[in-house]
Each structure stands twice: as C-alpha cells, then as structure tokens.
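A.B. asks: Below: one structure in structure tokens.
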Amino acid sequence: MSGTEEGREIVKRLNDKGAGVITTVATEYGREIYEKIGLGHLCIQGRLDIKELSELIRDKNIDILIDATHPYATQVSYNAIKASEEIGIKYIRLQRPASVTEDDDIGGTATEKQEFVHIVADMDEAVSWCSESDKKRILLTTGFSSAEKFVKLKDKKEIYIRILPMPEHIRQCVSIGIKPSNILALQGPFSLELNTAIYNQYKIDIVVTKDSGKTGGVPEKIQSASAAGIDIVIIKREEIDYPVKCSSIDDVFGLLGMEIV
C-alpha cells in the first residue's frame, strides 16, 4: 500500500527481483506516477475500506501486506492492520522517522530549542493557534484535506495553500473560498531555497505543516522558516500501535529475508 516515495521504491525493488507484487494508491495522481515509471500494470487505484481490502487480499492471494502509506493516513493503516489480522497474513509498517520531538528540538537540523516551532496535537489545534496569532499570512503545506478547516479564517487571515497539482483539488479549493491566486499547485518535496523563495514572494509569516519526515521535506521547511524568522506550526502524528514497524526500506527487506539491491 503506497502512494509515497518509499512505497514506490519498495514496489520497484520487489518487481526487479521478480517477486509477485501489486500496489494500491488512493488517487488518480498516484496511479499516474506509477504509469510514468512503467509500473502502472501493478497499481490498483481506490480508497479501500476493510471489507474491500480483505477481498483484494483474498482475490490476489496476498501473503504479506506492506503499509508504506503516508504517516497521516491513519485510517488507511487501521484498515490494513484489521484486514491483515482478520485474514491472518503478515503486516509490515514502514514509518518515516519524525522530524521533531515533543520538546521542540529539531531532529536532524539543530540541537537547540527553537521558539518559532510550535507543536500542536491536531488540525483543530493548528487552526486555533493560527486564529489567535497576531500574524496574518498563513501558508498551508498540509495538503488539500486541511483547506476546509482553515478557510473559516479567511476573513481575518490571508490563506495560501500548497497542494499537489490535481485539477479537482484546485477546483474544490476555489469553491470553498480560497483565492485562485493563493493556490500553489506544486509537486514536492521542496528545497530549502524554493521554500525560502515562496515565503518571501508571498510574505508568509506562519507555515503550517504535518511532520511527514525527511522524505516529506520537513527539515527544509523548518530551516527556511528559521532563517526567515517565520513561525512554523507542526501537527503531531497520531500514535498507532503497529504490529510490526520499520523505519527504513532496508529494514523492510530484512524482514522479508531479501538482499537489498
């Protein structure tokens, strides 16, 4: 189960080794990426509930389910764990390491506490923090799903949103009240330099992000915000008790008993 950079790398390596592998993605955009890398024939698109996922596992005679979905796709992981348990197959979670810790240290980018980093429990708390701040120009880098929660601040804040270049998401952002000029439809992750350029271009003074880890470009967001003196609001991950959890692709293949290429 993928849609992430790590998921695609696992699928590619398994396919190169001649393993029987299929992958699922939630969106048409995710499927198109597999098409571009020549693995579209291995990809099934759709948001599967527990029943649908269980049927897929049975129909395809799946022996092992690797959950390489996004760290914030928690419902998908719950469904994968439940379906695996019901059918009795092995479940392996690939979980990206977090970029920040509870005490606001910046993992991998600095050792000292930074006052501009604000860790919140969930999206609602992020909205409340931004609402109470005296700063006005907010950049959401939390994906399309966060737009509806933040748009209620549009009368007192200037809301910018950086989303994947998916036409339906752009249309929906406009339909709920986000200005077309404030929509940045771009594929990440983004470099330190590009983040800084975006912050400067739009005079951003608050950045909202999920802790999607190094692969998701979070360290670069933090560093560029720090250099510009911008507040960055980081939404914590929901804690899940995964049956089996790995922090790297190599660890996944180690559990599979396969040499890394």
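The values are calculated or read from the model by the stated rules, or taken from the named source; none is laboratory data. The shown structure was predicted, so the numbers you read here are calculated from the model rather than taken from an experiment. A quick note on method: Cβ atoms are made from the backbone with ideal geometry, for glycine too, and the neighbour counts reach across all protein chains shown.
A.B. asks: Please determine, by comparing only the residues of the range 21-50 that are among the charged types (D, E, K, R) and closer than 18 Å to Ala73 by Cβ, which one is farthest from the chain's Cα centre (by Cα).
C.D. replies: Asp49
A.B. asks: State yes or no: is Glu9 assigned to a helix (DSSP H, G or I), out of contact with any Pro (no Cβ under 9 Å at 6 or more places or on another chain) and either more than 27 Å from Met123 (Cβ to Cβ) or touching a residue at least 40 places away in the same chain (Cβ under 8 Å) (or both)?
C.D. replies: Yes: the conditions hold for Glu9.
A.B. asks: Let me ask something else. Please determine, by comparing only the residues of the range 223-245 that are of a type in the set (Asp, Glu) and surrounded by 13 or more Cβ atoms within 10 Å (Cβ to Cβ), which one is modelled with the highest pLDDT.
C.D. replies: Asp231
A.B. asks: For the range 132-157, which residues satisfy the criterion of being assigned to a helix (DSSP H, G or I) and either under 24 Å from the mean Cα position of the chain (by Cα) or of a type in the set (Phe, Trp, Tyr) (or both)?
C.D. replies: Phe144, Ser145, Ser146, Ala147, Glu148, Lys149, Phe150, Val151, Lys152, Leu153
A.B. asks: Quick one: how many residues across the range 51-105 are over 17 Å from the mean Cα position of the chain (by Cα) and among the hydroxyl-bearing types (Ser, Thr, Tyr)?
C.D. replies: Residues flagged as over 17 Å from the mean Cα position of the chain (by Cα) and among the hydroxyl-bearing types (Ser, Thr, Tyr) within the range 51-105 amount to 4.
A.B. asks: Applying the selection to the range 192-222, what residues are outside any strand (DSSP E or B), among the polar types (S, T, N, Q) and at pLDDT 90 or above?
C.D. replies: Selection gives Asn195, Thr196, Asn200, Gln201.
A.B. asks: Would a scan of the range 246-256 turn up a residue that is part of a loop (DSSP other than H, G, I, E, B) and at pLDDT 90 or above?
C.D. replies: Yes, the conditions are met somewhere in the range 246-256.
A.B. asks: Another question, if that's okay. Assuming Gly213 fulfils every condition listed in (1) within 26 Å of Gln75 (Cα to Cα); (2) surrounded by fewer than 21 Cβ atoms within 10 Å (Cβ to Cβ) apart from one, which condition is it?
C.D. replies: The single condition Gly213 does not satisfy is (2).
A.B. asks: Consider Ser145 against the criteria (1) crowded, with 17+ Cβ neighbours inside 10 Å; (2) within 26 Å of Pro97 (Cβ to Cβ): it satisfies all of them except one. Which criterion is unmet?
C.D. replies: (1)
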